[in-house]
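A.B. asks: I have a structure here, written as structure tokens, and I will follow up with some questions on it.
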């Protein structure tokens, strides 16, 4: 679990018109480096900065129901049921869990975007 995110360096970069590109790496107390799920890291950073939006890119259409119809909004209860039933699986689980956790921690909105939608304004 994330212990600390250095907001100061991120905020300094942003305030000086830089766009931070952040590798999802973590360092343990004993100096070991760990690869962290990129979606999980992005959510933790967005929460730490109290961002307005968390945008997560995905290579699939989005969260689909058992009939392959797009589900436009997911809440915690619906998410839990869909994971238990297998409707949400694989790499979509950390994406959805990250989105829900981020909103719970103060991010105004979390959005899953396909590659085609990633160039629009949100």
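A.B. asks: What pairs come up if the first residue lies in region 52-69 and is at positive phi, the second is surrounded by 16 or more Cβ atoms within 10 Å (Cβ to Cβ) and at pLDDT 80 or above, and their beta carbons are under 6 Å apart, counting only those six or more places apart or on different chains?
C.D. replies: Within 6 Å, the pairs are 62/112.
A.B. asks: Only one of 8, 87, 72, 77 is in contact with a strand residue (DSSP E or B) (Cβ under 9 Å, 6 or more places away or on another chain) and either loosely packed, with under 10 Cβ neighbours inside 10 Å or not in a helix (DSSP H, G or I) (or both). Can you tell me which?
C.D. replies: Just a single option satisfies the conditions, and that option is 87.
A.B. asks: Looking at the structure I just gave you, is residue 107 surrounded by 12 or more Cβ atoms within 10 Å (Cβ to Cβ) and in a helix (DSSP H, G or I)?
C.D. replies: Judged against the criteria, residue 107 is not a match.
A.B. asks: When the residues of region 15-32 are filtered to those that are assigned to a loop (DSSP other than H, G, I, E, B) and more than 22 Å from residue 43 (Cβ to Cβ), which remaining residue is modelled with the lowest pLDDT?
C.D. replies: Going through the qualifying residues, I end up with 29.
A.B. asks: If you take the residues in region 44-69 that are at pLDDT 85 or above and part of a strand (DSSP E or B), which one is surrounded by the fewest Cβ atoms within 10 Å (Cβ to Cβ)?
C.D. replies: Among residues in region 44-69 that are at pLDDT 85 or above and part of a strand (DSSP E or B), the one surrounded by the fewest Cβ atoms within 10 Å (Cβ to Cβ) is 53.
A.B. asks: Confirm whether residue 37 is more than 24 Å from residue 89 (Cα to Cα) and in contact (Cβ under 8 Å) with a residue 40 or more places away in the chain.
C.D. replies: No, not satisfied.
A.B. asks: Scan region 33-43 residue by residue and report those that are touching a strand residue (DSSP E or B) at 6+ places or on another chain (Cβ under 7 Å) and in a loop (DSSP other than H, G, I, E, B).
C.D. replies: Of everything in region 33-43, just one residue is touching a strand residue (DSSP E or B) at 6+ places or on another chain (Cβ under 7 Å) and in a loop (DSSP other than H, G, I, E, B), namely 36.
The values are calculated or read from the model by the stated rules, or taken from the named source; none is laboratory data. None of the values given here were measured: they were computed from a predicted structure. Virtual Cβ from ideal backbone geometry, glycine too; neighbours counted across all protein chains shown.
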